[in-house]
Amino acid sequence: MKDTVQAKVLSVNEFKEIMTDFTNPLEIFRETVQNSYDAGATEIIITLDNNEETKRLDIVIEDNGEGLLPKQFSNFFDLGNSTKRGTKNKQYIGEKGHGTKICYNSDKLVLESWCEGKKYYSEMDMPRYKLTKKSPPEVPSYTKPAEVPHKEKKQQGTRITIQGYLTDDYDSGNDKTFHHAAVKDYLLWFSAWGSVEAEFGSQENAKKIIKLRGVNYDESRDQEKYDFKIGKDGYEHIPFGHRFPEKEVSSTEELKRYAKKVAEGDIRAPLSVKQNAEKYWEKFFAKRIVLDGDVKLGVRK
Ligand SMILES: Nc1ncnc2c1ncn2[C@@H]1O[C@H](COP(=O)(O)OP(=O)(O)OP(=O)(O)O)[C@@H](O)[C@H]1O
Ligand SMILES: [Mg+2]
């Protein structure tokens, strides 16, 4: 038998790599919203706050999903340890066990969970510092999840508190990255919340809602300018699903032209649609939706 050497993983490097492997700092919302969605949440509350004392950005993401039991906290903090792997009959978005590690790019990370009526708590101190310090870097640890007394009405869900998100480059108060409108836009274009399923007749998630409050916007000027509305509770309520402006709905002539292109193979479509496109165009193409240059079919139900 040949001698073999098992390849190993250098945990510090991997955690650090994953923590910084996100090109856009807003990806933290894509990852957490995805997880809340996978946990079956119907309401997510996202609160951003410029911390006066630290001059850094704090983020709280809270959902009413299934929450985590103490033994599941490791899934949240470990790398590559996803509960969702191999669960084929359930349609999860996440499966790699990478997403939450974007939260390590912070000064403190707190995970609270309400599960089966009990509340559990764990915190991780200075994950970014520990992973990036020179002498020598270390994998950050988290406190053992403990049951904590609670009087809240909440019986089920998860709250993630990220204190001091991002490095010193972030200039709280001036940076437009986390402007309310920018975060909203990101959610509707790049997260599970931007699903176009309603355009295809699905009402499955129609009642779900995100309550969002970003930072660095001018309350009196920006709401009209960027078309958002902060309610009396201090949050904008964003219903599930991408909303297309009415002008995207095409004319009959345009739809016919479009059907021809599908039939001729200029636009890719399933074979059954392609073969019947010209004959049954009215049945197939209720709408033409253009997403970032990518054309999707709207199928009439
Ligand atoms: N809001 C949440 N509610 C319940 N469990 C959560 C929540 N967020 C994270 N988790 C748990 O933490 C685990 C790790 O999440 P993470 O996003 O890192 O990986 P993933 O979603 O499984 O895969 P991916 O890397 O593709 O997102 C999840 O598998 C889930 O068990
Ligand atoms: Mg995930």
How would you order 31-44, 201-214 from highest to lowest mean count of nearby Cβ atoms within 10 Å? 31-44, 201-214
Calculate how steeply helix 180-190 sits against the longest principal axis of the alpha-carbon atoms of the chain, using the helix alpha-carbon long axis, and give the answer as 0 to 90 degrees to the nearest 10. 60
Computed [θ] at 222 nm, helices only, for the chain once each DSSP H run of length n ≥ 4 contributes -39500 (n - 2.57): -6500 deg cm²/dmol
Toward the positive end of the charge dipole of the stretch 11-239, about the Cα centre and with charges on Cβ (Lys, Arg +1; Asp, Glu -1), which of 79, 45, 217 goes farthest? 79
In a Gaussian network model over the chain where Cα atoms closer than 10 Å are linked, find which of 186, 165, 258 has the largest mean-square fluctuation. 258
Quick one: helix 27-38 against the long Cα principal axis of the chain, what's the angle to the nearest 10°, folded into 0 to 90? 80
Taking a ≥ b ≥ c as the square roots of the eigenvalues of the Cα gyration tensor, with a/c under 1.5 meaning rounded and otherwise prolate when a/b exceeds b/c and oblate if not, the chain is prolate
How many nm separate the modelled label positions at residue 24 and residue 154, each set 7 Å beyond the Cα in the direction of the Cβ? 2.7
Provide the gained length on full extension for the span residue 129 to residue 237, in nm with one decimal, where the gain is 0.36 nm per separating residue minus the Cα-Cα distance. 35.4 nm
Return the subset of 96/260; 207/232; 176/211; 16/229; 153/207 for which the Cα-Cα distance in this structure is over 30 Å, preserving the input order. 96/260; 16/229
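Every number here is computed from the coordinates shown, using simple stated rules; none is lab data. Just so it is clear, the model here is predicted, and its values are computed rather than measured. Reconstructed Cβ throughout: ideal geometry from the backbone, glycine too, with neighbour counts over all protein chains shown.
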